[in-house]
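The values are calculated or read from the model by the stated rules, or taken from the named source; none is laboratory data. Quick caveat: nothing in here was measured; it's all calculated off a predicted structure. Glycine gets a Cβ as well: all are built from the backbone with ideal geometry, and neighbour counts include every protein chain shown.
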Amino acid sequence: MRIGLRVNAMEIVSTIIKAFIIIISLSIVAIFLYGIKNIVKSMKSFINIEKYDGKKSKVSIVIPARNEEKNLEDMLFSMTRIKNEIIDKIILVNDRSTDLTEEIIKKYMNLDKRIELISISNLPKSWFPKPYALYLATRKVPIGDVILFLDADVKGDYDKIVDISSRTKEGQIISFVPYFYCNKFYCYTSQSLLSALMVGYFGYNRTINKNDRFGLLFGCCFSIRPYTYNEIGSHASVKKELVEDKQLATNAKSKNVRILYVDSRKFIYTKSWDNYYSIKNLLSRLFYDYAKNIKSISFYLLFIGLLLLFYFPYIFIPLLIFKQLFLSMIVLISFFIENIFIYIGGLTNNIRKPYSLLYFISAYILLIALLESKYRGVVWKGTSYKL
């Protein structure tokens, strides 16, 4: 009798485990099929810039610079050769640089009267560095100009960026979507996964949807008119945000300001990450705002959910070894769909090789970054931030 009960109990446990594996696998399939569907929708959200009409205005370019000597020389060399009269000012903010950033700016100030310099020596305690630098610069922009925010590491056809920006209308933000340049293994694997996650679940289609509160813009390159900028609260409203562009986009949507995306991948690029630490630090920065705004239980559930999402499909290997063919095939389907999702994400950034097969590496970095954002804090541009 006892032996019979044991057999029945083992069968029940076995059935529960099999059901769990099937449910988790099918859930993963559903999640990534949804992501693939969203990637397709998101990549159809760009405006046709050829048909975008707008009266051209002068443009003031705002460039924050902290230890940017490697980027500024080429950037300013290119900009000073643009004779486009649309460019009114090129305002650079030296944010306590310890390299030759300020010297390079002053050198080009002597060559081009449009270039202006703002130097920050002390940062107010109530501000984070980048929002403060951008806010200071916007105070020097004439009310009739368009503000073009541009990071120092953005490269490409500046003339075209300025021309498109000059047509920005009141009540709108033009967000340029750049190509993220990769040249190292870590970068290719991580960029494929992160592009897939961003475009698949936090994509442009969500931002242009008026019924969705989510907002996204690329802080490295976007344009807005001064009146609209002040209407959404300017950078003063995001002065304590590490990911200030994301919150600024959310503020814009709450004020019914339209965010328009321009597919700029063929004429703007910015270098992606160089190594494991730069990728991890960037991800920790992105997670920082989420970690500080959610409860601990929600944080742990998020971590467990991501752990299952990325690594559960790999159990098809032990299932095959133990000859659980039916279960292994179901799990293998989830692994296959996940790889397709990540591969398509890589394609949005012109990554054509199947780095998606190695997503377990970038998933590991992502999970470590999530934990560090909560327990170790973030080091960004030489400054430490802790919850």
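Things worth noting here:
Yes/no per residue for (1) out of contact with any Pro (no Cβ under 8 Å at 6 or more places or on another chain); (2) in contact (Cβ under 8 Å) with a residue 60 or more places away in the chain; (3) not acidic (D, E):
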{"site": "K70", "(1), (2), (3)": "yes, no, yes"}
{"site": "M75", "(1), (2), (3)": "yes, yes, yes"}
{"site": "T80", "(1), (2), (3)": "yes, no, yes"}
{"site": "I90", "(1), (2), (3)": "yes, no, yes"}
{"site": "S97", "(1), (2), (3)": "yes, no, yes"}
{"site": "Y108", "(1), (2), (3)": "yes, no, yes"}
{"site": "E116", "(1), (2), (3)": "yes, no, no"}
{"site": "S119", "(1), (2), (3)": "yes, no, yes"}
{"site": "K130", "(1), (2), (3)": "no, yes, yes"}
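- Residue check: G4 meets all listed conditions (1) more than 26 Å from L216 (Cβ to Cβ); (2) at pLDDT 95 or above but one, namely (2).
- Elements of type helices (runs of 4 or more DSSP H) in region 289-387, at least 3 residues being under 19 Å from W273 (Cβ atoms) and at pLDDT 95 or above: 325-347, 359-375
- Selection from region 257-301 of residues that are under 19 Å from the mean Cα position of the chain (by Cα) and among the aliphatic types (A, V, I, L, M): I259, L260, V262, I268, I279, L282, L283, L286, A291
- Y375 fulfils the conditions (1) of a type in the set (F, W, Y); (2) closer than 29 Å to F46 by Cα; (3) surrounded by fewer than 18 Cβ atoms within 10 Å (Cβ to Cβ) except for a single criterion, (2).
- Taking the listed residues N183, N251, N211, the one that is of a type outside the set (D, E), farther than 22 Å from S57 by Cβ and at pLDDT 95 or above is N251, with no other qualifying.
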